[in-house]
Amino acid sequence: MAIGSLLIANRGEIAVRIIRAAQALGIRTVQAHSAADADSLAVKLADDAVLIGPPPAAKSYLDIGAIIAAAKEKDVDAIHPGYGFLAENAEFADAVVEAGMIFVGPDAEAIRLLGDKVAARDVARQAGVPTVPGSHGRVADLDEARALVEEIGFPVMIKAAAGGGGRGIRIAEDFAAFEKQFPQAASEARAAFGDGGLYIEKVIENARHIEVQILGDGDNVIHCYERECSLQRRRQKVWEEAPAFGLSPTVRAALTECAVALAKSVGYRGAGTVEYLYDADTQAFYFIEMNTRIQVEHPVTEMVTGIDLVAEMLRIAGGEKLSIAQDDVHVEGHAIECRINAEDPAQNFLPSPGQISGLSVPEGEGVRFDTMLYDGYFVPPFYDSLLGKMIVRGVDRADAIRRMEQALGALVIGGIKTTVPLHLAIAANPDVIAGAFHTKYLEGWLAGAPLSETENA
Amino acid sequence: MSKVEIRAPMPGIFYRKPSPESPPFKTDGDDVSAGDVVGLIEVMKSFHEVAALEPGKSVRFLLEDADAVMAGQVVAELEG
């Protein structure tokens with residue numbers, strides 16, 4: 001059944017993006033919103049809007065019951081979850097289907113399977129995708145752990161099986177440290193989580209983050225090449241590129257083929273991203289996880305391939321087969337995206353909600369700004385700080401960096417502090433220009449406070 | 001008897017507990033010393049402490065846990 005009407009269960013720039021894609025396909029759009037977002041651009045652009053609760057996300061954008069009730073009230077055919085919030089919540093996907101509507105994304109089973117770290121690693125391994133060397137599940141005791149570490153080499157991560165979100169992780173550089181830390185980690189895990197089980201995983205040093213965009217219709221799966229997302233702060237991507245620089249054709253083929261094999265093995269439907277760590281020294285790559293949603297950084301892929309990923313998601317969810325064959329997917333030029341946040345980079349990224357004034361957005365060939373801003377808009381304090389994404393395309397990487405500097409220089413967002421100065425500094429950084437960076441690079445560079453200095457100069 | 005007000009230093013979501021599983025920083029009727037933390041404010045996913053500037057007795061909260069708050073809004077009152 002083709003989708004005739006769609007509820008957008010998200011906010012900010014991605015809600016605007018989804019509304020535009022849906023309207024271009026002739027779909028009636030209904031924007032679900034909290035009380036804090038009644039004046040949002042998404043509400044203004046959508047054909048209809050419905051209030052789902054008070055400002056805190058827990059009582060609105062994360063409230064499954066409220067969203068389903070709103071969708072029923074507005075009698076929509078489908079719900080698009082965007083990214084974040086309920087986008088990778090299997091319970092929500094189930095609730096949408098049980099209510100007789102289409103969930104724009106993979107089925108709940110795929111979300112559940114790929115959302116479970118251990119299960120996802122098993123799926124990857126079975127599909128022939130390399131995973132980070134380490135234990136297959138828990139290690140029984142110190143003897144088994146010692147044997148494993150001898151095989152994979154240092155440094156290694158000792159992780160609590162019951163931990164998560166970075167909790168209960170220790171890194172050992174050599175055997176002396178390992179012998180000491182292993183029993184400590186076990187007793188700490190027992191005390192903190194009631195479960196002393198430990199995993200061992202090799203630490204891939206100076207790794208880059210490279211991810212492959214895939215599209216599946218349940219039978220067929222294609223890839224739309226890869227993105228480079230190593231510049232991160234607090235595990236949040238800051239600057240993204242497509243394609244990834246410095247990959248040999250053999251490595252690129254292996255990365256993309258593995259992503260397709262993984263998605264095919266679960267009969268994947270919709271847009272998804274297979275994330276890897278890439279070791280530039282050895283040219284080895286390792287599966288990290290698969291995200292079962294549209295990603296924030298999807299526009300860089302769109303800019304170099306010409307594919308509208310959100311429109312494809314909507315068509316696939318409506319029951320169509322993929323409209324593109326693998327041989328039709330080509331990369332042309334180089335694209336970069338900068339995530340512009342409402343934070344003050346000169347003051348340790350202090351959040352900066354408030355009213356927007358004097359907004360001026362550059363336009364032109366190869367320049368795109370995905371945003372929910374308008375003059376007079378009040379950026380609420382309740383949600384994440386993303387204001388918009390500046391995306392440019394150049395003939396090659398050097399050209400794209402130059403164009404990004406120009407576009408950022410022409411972007412004016414008055415009334416609040418933004419991370420534009422950070423992105424200008426990144427664009428002028430010789431290591432970035434040379435492509436000499438990894439996932440820990442940006443935080444290390446920021447520790448030297450390069451932005452406070454320019455501020456005082 | 002004077003009244004002491006504790007105001008939100010920034011807008012966001014006001015939490016009365018350090019984490020969902022923890023007991024509240026203060027319960028109604030507690031005495032508060034200057035500098036005591038009485039809540040957290042989440043602004044754009046970062047957390048900031050709300051502390052009492054002056055001491056007082058028998059605190060009374062005007063907000064529930066996880067309520068929205070505006071900068072300058074009174075979150076609790078004390079007897080000075």
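The values are calculated or read from the model by the stated rules, or taken from the named source; none is laboratory data. Here the structure is a predicted model, which means the values were calculated and not measured. Neighbour counts are summed over all protein chains in view; Cβ atoms, including those assigned to glycine, are modelled from backbone coordinates with ideal geometry.
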- Note on the structure: Selection over region A:366-389 where residues are of a type in the set (F, W, Y), within 14 Å of chain B (Cβ to nearest Cβ) and under 21 Å from the mean Cα position of the chain (by Cα) yields a count of 2
- Message: Given (1) touching a strand residue (DSSP E or B) at 6+ places or on another chain (Cβ under 8 Å); (2) on the phi < 0 side of the Ramachandran plot; (3) not acidic (D, E), identify the lone condition not met by B:G72.
- Response: (2)
- Message: Whether any residue in region A:390-406 is within 14 Å of chain B (Cβ to nearest Cβ), of a type in the set (G, A, S) and within 25 Å of the chain's Cα centre (by Cα) is what I want to check.
- Response: no
- Of the residues in region B:6-42 that are hydroxyl-bearing (S, T, Y) and within 14 Å of chain A (Cβ to nearest Cβ), the one that is farthest from A:A36 (Cα to Cα) is B:S19
- Task: For A:G82, state whether it is modelled with pLDDT of 95 or more, part of a loop (DSSP other than H, G, I, E, B), more than 19 Å from the chain's Cα centre (by Cα) and not assigned by TED's automatic domain parsing to the domain that holds A:V221.
- Result: no
- (1) surrounded by 20 or more Cβ atoms within 10 Å (Cβ to Cβ); (2) farther than 30 Å from A:D328 by Cα all hold for A:V221 apart from (2)
- Query: Looking at region A:16-42, which of the residues that are buried (at least 21 other Cβ atoms within 10 Å of the Cβ) and without any contact (Cβ under 8 Å) to a residue 60 or more places away in the chain is farthest from A:D94 (Cα to Cα)?
  - Reply: A:I19
- When residues of region B:43-73 are filtered for being touching a residue at least 60 places away in the same chain (Cβ under 8 Å), loosely packed, with under 14 Cβ neighbours inside 10 Å and more than 10 Å from chain A (Cβ to nearest Cβ), how many remain? 1
- Message: Out of everything in region A:191-202 that is free of Cβ contacts under 8 Å to residues at least 60 places away in the same chain and among the aliphatic types (A, V, I, L, M), what residue ends up being farthest from A:G163 (Cα to Cα)?
- Response: A:A191
- Query: For region A:136-169, how many residues are modelled with pLDDT under 90 and either crowded, with 18+ Cβ neighbours inside 10 Å or touching a His at 6+ places or on another chain (Cβ under 9 Å) (or both)?
  - Reply: 5
- Item | Residue that is under 28 Å from A:E320 (Cβ atoms) and within 14 Å of chain B (Cβ to nearest Cβ), where the choices are A:G84, A:G100, A:G53 | A:G84
- Report yes if A:L255 is of a type outside the set (K, R) and over 17 Å from A:R138 (Cα atoms), otherwise no. yes
- Note on the structure: Per the filter on region A:90-122, residues of a type in the set (G, A, S), within 22 Å of A:K74 (Cβ to Cβ), in contact with a helix residue (DSSP H, G or I) (Cβ under 7 Å, 6 or more places away or on another chain) and surrounded by fewer than 20 Cβ atoms within 10 Å (Cβ to Cβ) are A:A99
- Task: Can you give me the ranges of the strands (runs of 3 or more DSSP E) entirely in region A:232-297 with at least 3 residues that are at pLDDT 95 or above and touching a Lys or Arg at 6+ places or on another chain (Cβ under 8 Å)?
- Result: A:236-242, A:269-279
- Query: Listed residues A:G82, A:G105, A:G134; which is touching a residue at least 12 places away in the same chain (Cβ under 8 Å) and under 27 Å from A:E201 (Cβ atoms)?
  - Reply: A:G134
- Criterion violated by A:T418 - all others in (1) out of contact with any Pro (no Cβ under 7 Å at 6 or more places or on another chain); (2) within 15 Å of A:L231 (Cα to Cα) satisfied: (2)
- Task: Determine which member of the set A:E188, A:E205, A:E150 is acidic (D, E), touching an Asp or Glu at 6+ places or on another chain (Cβ under 9 Å) and either free of Cβ contacts under 8 Å to residues at least 60 places away in the same chain or more than 30 Å from A:I67 (Cβ to Cβ) (or both).
- Result: A:E205
- Task: Test each condition in (1) more than 26 Å from A:H298 (Cα to Cα); (2) within 12 Å of chain B (Cβ to nearest Cβ) for A:E73 and report the one that comes out false.
- Result: (2)
- Looking only at residues in region A:110-157 that are among the β-branched types (V, I, T) and in a loop (DSSP other than H, G, I, E, B), which one is farthest from A:E173 (Cα to Cα)? A:V129
- Of all residues in region A:319-365 being within 14 Å of another protein chain (Cβ to nearest Cβ) and part of a loop (DSSP other than H, G, I, E, B), which is surrounded by the most Cβ atoms within 10 Å (Cβ to Cβ)? A:A342
- If we take region A:1-74, then helices (runs of 4 or more DSSP H) inside it with 2 or more residues that are touching a His at 6+ places or on another chain (Cβ under 6 Å) are none
